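Colleague: Pasting a structure below so you can have a look.
The values are calculated or read from the model by the stated rules, or taken from the named source; none is laboratory data. All values derive from a computational prediction rather than experimental measurement. Counting neighbours? That spans all protein chains shown, and the Cβs are built from the backbone with ideal geometry, glycine included. Protein only, heavy atoms only, side chains kept; ligands, DNA and RNA dropped before computing areas. Shrake-Rupley method; radii C 1.70, N 1.55, O 1.52, S 1.80 Å.
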Amino acid sequence: MSLIVNDLIEDYVRKKLNNKDSYFDYMEEYAYKHKVPIVQKEVAKFLDMITRIQKPSKILEIGTAIGYSGSIFAKANPETILHTIEIKEDSFKIAEENFKKQGIDNVVQYLGDASQVLNEIKCKFDLIFIDASKGHYQDFFEKSLLLLEEGGIIISDNILYKGMIASDEFVVRRKITIVKRMRSFIDYITTDDRFETSILPFGDGMAITKIK
Ligand code: SAM
């Protein structure tokens, strides 16, 4: 059961969002079978739409996993160059293979901890997508600010984390530290005068931040 969106609505919307490209079916099945967390279908479609509308020349993704959301970005606008960071070597390799099998060549992959890799990247991005370890969002975000083109946006995924962020009632004990950090991150992006932030309560919760 989702605590963010009514299950009935979520199921209805997902059924309407059939993939036109069967490779996404394959990656969704793979992720389900191997318990790899990837963005939900409605989030994938949203990222596809943002890319089609904004036509970013460069996107930075933090958290590649098997390259599912990366493939969404890369295919939505073939002119876009996607840079994507992954800490796990096996995921990095699976993503590399998935990009290759789809003929995607507008991708630069980094293997390493984003907290470190972000300090080393030299170019700037129009869109930065944060979708990695939830306890480190503020660090990823602050480092991303230095890599953002003027007018660019930062999208942070999973910010409502299964309802746990909004209410203690849903918090699982072993997630307390992550919940505290995510709440503090949300306070930061919604109250800092430098930013405009919108919180979208769909998928697992998403924030879009623009620098004023
Ligand atoms: N964006 C992917 C998608 O929707 O297809 C899903 C990403 S998954 C939720 C998060 C990924 O971030 C995992 O593959 C994990 O190994 C990676 N990760 C976690 N911490 C990281 C870090 N500090 N630096 C880079 N990658 C990290």
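Colleague: Which pairs break 28 Å Cα to Cα here: Lys16/Lys101; Lys122/Lys175; Lys55/Lys175; Lys58/Lys143; Lys35/Lys210; Lys58/Lys180?
Modeller: Listed pairs above 28 Å: Lys122/Lys175; Lys55/Lys175; Lys35/Lys210; Lys58/Lys180.
Colleague: If you take every DSSP beta bridge fully contained in region 7-211, what fraction is antiparallel? Give it as a percent rounded to 5.
Modeller: Rounded to the nearest five, the antiparallel share is 35 percent.
Colleague: From zero up to wherever the largest Cα-Cα distance of region 59-156 sits, split into 5 Å bins and tell me the percent of pairs in each.
Modeller: 3, 14, 27, 26, 19, 9, 2
Colleague: Just in region 65-153: which trypsin sites (Lys or Arg not before Pro) are loop by DSSP and have at most 14 other Cβ atoms within 10 Å?
Modeller: Lys88, Lys122
Colleague: Treating the beta-carbon of each Lys and Arg as +1 and of each Asp and Glu as -1, no other charges, what is the dipole magnitude of the chain about its Cα centre, to the nearest 20 debye?
Modeller: Magnitude of the dipole: close to 220 debye.
Colleague: Still on this model: If region 22-104 were replaced by its equivalent ellipsoid, with semi-axes equal to the square roots of 5 times the Cα gyration tensor eigenvalues, what would those be, largest first, whole Å?
Modeller: 19, 14, 11
Colleague: Whenever you get a sec, compute what percent of the accessible area on the chain sits on carbon and sulfur atoms (1.4 Å probe).
Modeller: Its accessible area is 53 percent carbon and sulfur atoms.
Colleague: Between Cys123 and Ser2, what length in nm is gained on full extension when 0.36 nm per residue of separation is reduced by their alpha carbon distance?
Modeller: Between Cys123 and Ser2, full extension yields 39.8 nm more.
Colleague: Kindly rank 32-45, 190-203, 152-165 from highest to lowest mean number of other beta carbons found within 10 Å of each residue.
Modeller: The densest-packed peptide leads the list: 152-165, 32-45, 190-203.
Colleague: Mean residue ellipticity at 222 nm from the helices of the chain, using -39,500 (n - 2.57) per DSSP H segment of n ≥ 4 over the full residue count, to the nearest 500 deg cm²/dmol?
Modeller: -13000 deg cm²/dmol
Colleague: Follow-up question, since we're still on this one. Keeping all protein chains in place, calculate the accessible area per residue for region 63-212 (probe 1.4 angstrom), answer in Å².
Modeller: Here the residues of region 63-212 average 48 Å² of exposed surface.
Colleague: For the chain, I need the span (max minus min coordinate) of the C-alpha atoms along each principal axis, in Å, sorted largest to smallest.
Modeller: Answer, in whole Å and largest first: 45, 40, 32 Å.
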